[in-house]
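Have a look at the structure below before the remarks.
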Amino acid sequence: MVVLGASQPETWVKGIAELLVKEEIVKCSAEKVFKSAALIKGNILGDEGRADLLLTFNIESEPAVGRLAMWRLRFGDVSWLEDFVVNYRKDYNTETQPEETEEEYEN
């Protein structure tokens, strides 16, 4: 899933993981919810543009997809990757690749 406008990935990853645990959408501790996080930069607006955060779930977190879908709609500014590619590809240079954040969330 992609969080739109998440310029400080460490804060977003921790906060979203804690929310998903609290709302019992995942079956693990907050530290193990996400396998990886990648900051997507290269918006056509340059430094003034939006930075987005791609979050990949750890398989052990076993997200309840139906509950996650409802949470995503309530939270706002969160997109499924497939929707993000279709709806926001014009906001980015097509040659831009996601940059991995410094902190990895692998087990």
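For this structure, a couple of remarks:
- Against the criterion of being part of a helix (DSSP H, G or I), surrounded by fewer than 20 Cβ atoms within 10 Å (Cβ to Cβ) and in contact with a Ser or Thr (Cβ under 9 Å, 6 or more places away or on another chain), VAL21 qualifies.
- Pair list, Cβ under 8 Å, 6 or more apart: region 22-34 residue among the β-branched types (Val, Ile, Thr), other residue loosely packed, with under 13 Cβ neighbours inside 10 Å: VAL26/GLU62
- Flag for VAL13 being free of Cβ contacts under 8 Å to residues at least 24 places away in the same chain and either within 19 Å of ALA69 (Cβ to Cβ) or outside any loop (DSSP other than H, G, I, E, B) (or both): no
Where a number appears in this text, it was derived from the coordinates with a stated rule and is not lab data. This one's a predicted model, so the numbers in the text were calculated from it and none came from an experiment. Every residue, glycine among them, receives a Cβ derived from its backbone with ideal geometry; neighbour counts consider all protein chains shown.
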